[in-house]
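I have a structure I would like to understand better, so I am pasting it below and will then ask my questions one at a time.
The values are calculated or read from the model by the stated rules, or taken from the named source; none is laboratory data. What you see is a predicted model; the values in this text were computed from it and never measured. Here the Cβ positions follow ideal geometry from the backbone for every residue, glycine too, while neighbour counts run over all protein chains shown. Ligands, DNA and RNA are stripped out before the accessible areas are found, and what is left, the full protein with its side chains, is counted by its heavy atoms. Shrake-Rupley method; radii C 1.70, N 1.55, O 1.52, S 1.80 Å.
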Amino acid sequence: MQYDLIIRGGRCVFPWGEADADIGVSNGRIASLSVGIHDEADRVVDARGLYVLPGLIDSHVHLRDPGNAAVETLETGTRAAALGGVTTVFDMPNTSPAVTNKDMLNWKREQIAKVAHVDVGMYIGATRDNTPDLAMLEQEPGVCAIKVFAGSSTGNLMIEDDAGIEAVMRSGHRRVAFHSEDEYRLQERKSQFHTGQPYEMHSVWRDVECAFLGTRRIMSIARRTGRPAHILHVSTAEELEYLAGFRDVSTVEVLVNHLSQVAPDCYEELGGLAVMNPPLRDAYHYDASWKAIRDGRVDVVSSDHAPHPLEAKRKPWPECPAGLTGVQTIVPVMLDHVNAGRLSLARLVDLMAAGPARVYGLQTKGRMAVGFDADFTLVDMNAEREITNDWIVSPAGWTPFDGKRVKGWPIVTIVRGVIVMQDDEVSGAPTGRYAKFAP
């Protein structure tokens, strides 16, 4: 047999378990999981000593395009993803202008075809004006989900009231993704805080009840409408326990930062570089997040990559903007957790490949099987490296994990049979496309 690409000698993580296998790729799809010793290919990747994972997905990123090219773009953000071992990203709609209509979707699809190094899914932002159109917009090519900001947003990308949320939930049928902090509680408590207070006050203002109240309200509406909801960046023990009773209408995302950084130490060490929404919390919630990972109550782990200029992040609280870089570092940090024994490599694949595909209806991605896209993340589980700001390709130029030593590193990133990164080098012209989802 003649293939376009053969990956030989790797330890492969299949849905049915780990096995040594030689994988053949033709026309961008997996053609064989049992390539013969005499079969040939235009290109062969020697994967001896490496684990071959299905292409890992970061289903929650803010690539800021259109917006501020000095902070991030589709090109730099997807280049960062490729360097970090991520083969597909789902990009949030709160850009400038926001992605809330067909014209902006068309613009973004055109940009993806020109500059993306990995495949991209697109969220549509829900507004009061476009709610009647959401059933149509969610069927547009490349759309991964509707996104509702029920708290922590500006302009028309905010639907904080029950009636507005229910109207969204009754327009269309695909899963709706929520930022579920309660805006009313945020505004009621805002006057209690002032400039110059410690950065850790961010987690006091946006407290547990702020997140839990928002999630309780959304679950009530999801149960009433029967529309499935995906609760993004769940950060509290209370939410994780509560959502276990709503598995018929909900799925759960936890961020790598909530699995890796603990308050108050993170605020003392990082200052504004630890400020994100929902906030980093104390060890009680950190431990609860890991318990939920082990119990299977978490469907997806993502980065919520949301870069801001370093000078803005150095402002005193609460003037510093909330949001951290993460798409380039999520895989090394999660591999380090695997090596530390906090989860298995199979569970990591479930959370960052099969899980996003299942939650969002992503077609032909998320697992290694014949006929699926030839997306692969090849990792060296024994490689020890230090994450540094110098490695970050986002124009923002920083990471909250600067100086962190990790064990486990992405070596090769392959998207639809194209090697887009090998040995810390992004190769060739951009070949990313918009991802395809079930209608």
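Just need the relative contact order of the chain here, percent rounded to a whole number, with Cα pairs under 8 Å and 6+ apart. Provide the component values of the computation, followed by the final result.
Details: 1083 pairs, mean separation 96.5, N = 439.
Once divided by the residue count of the chain, the mean separation gives 22 percent.
Right, another one. Compare the Cα positions of PRO93, VAL168, PHE193 along the charge dipole of the stretch 56-360 (+1 at Cβ of Lys, Arg; -1 at Cβ of Asp, Glu; about the Cα centre) and return the one farthest towards the positive end.
Checked the options; the winner is VAL168.
Right, something else. Is there a quick way to get the dipole size of the stretch 31-189? I mean about its Cα centre, with the Cβ of Lys and Arg at +1 and of Asp and Glu at -1; what is the value in debye to the nearest 20?
Roughly 140 debye for the stretch 31-189.
How about LYS291: which lysines have a C-alpha closer than 25 Å to its C-alpha, ignoring those fewer than 8 places off in the same chain?
Of all the lysines, those that pass the test against LYS291 - Cα under 25 Å, at least 8 places apart if same chain - are LYS404, LYS407.
Taking a cut-off of 17 Å between Cα atoms, list the lysines near LYS315, but don't count ones fewer than 8 places away on the same chain.
none
Near LYS190, which aspartates and glutamates are there with a Cα under 13 Å away, not counting those fewer than 8 places off in the same chain?
Reachable aspartates and glutamates: ASP182, ASP207, GLU319.
Using a cut-off of 15 Å between beta-carbons, work out the net charge of the residues near PRO318 (Lys and Arg +1, Asp and Glu -1, PRO318 not included).
Combined, the nearby Lys, Arg, Asp and Glu give +2.
Taking the Cβ of GLY172 as the centre, find all other residues whose Cβ is under 9 Å away and add up their charges (Lys, Arg: +1; Asp, Glu: -1).
Summing Lys/Arg as +1 and Asp/Glu as -1 gives +2.
With a sphere of radius 12 Å drawn around the Cβ of PRO228, what net charge do the other residues whose Cβ falls strictly inside it have (Lys, Arg +1; Asp, Glu -1)? Intermediate results must be reported in sequence, preceding the final value.
Values: positive: ARG174, ARG175, ARG223, ARG227, ARG247, ARG358; negative: ASP248, ASP299.
With Lys, Arg at +1 and Asp, Glu at -1, the neighbours total +4.
Answer with a single label: of (i) -0.60; (ii) -0.50; (iii) -0.41, which was calculated as log10 I(q)/I(0) by the Debye sum over Cα atoms at q = 0.08 Å⁻¹ from the structure in view?
Among (i) -0.60; (ii) -0.50; (iii) -0.41, the one derived from this structure is (iii).
In what sequence, highest mean first, do 73-84, 351-362, 308-319 appear when ranked by Cβ atoms within 10 angstrom?
Numbers: 73-84: 26.5, 351-362: 23.0, 308-319: 15.8.
Going from most to least packed, we get 73-84, 351-362, 308-319.
Give the accessible surface of the stretch 56-360 per residue, rounded to a whole number of Å², with probe radius 1.4 Å and ligands, DNA and RNA excluded.
32
Carbon-plus-sulfur fraction of the accessible area of the stretch 56-360, 1.4 Å probe, in percent?
Percent of accessible area from carbon and sulfur atoms in the stretch 56-360: 51.
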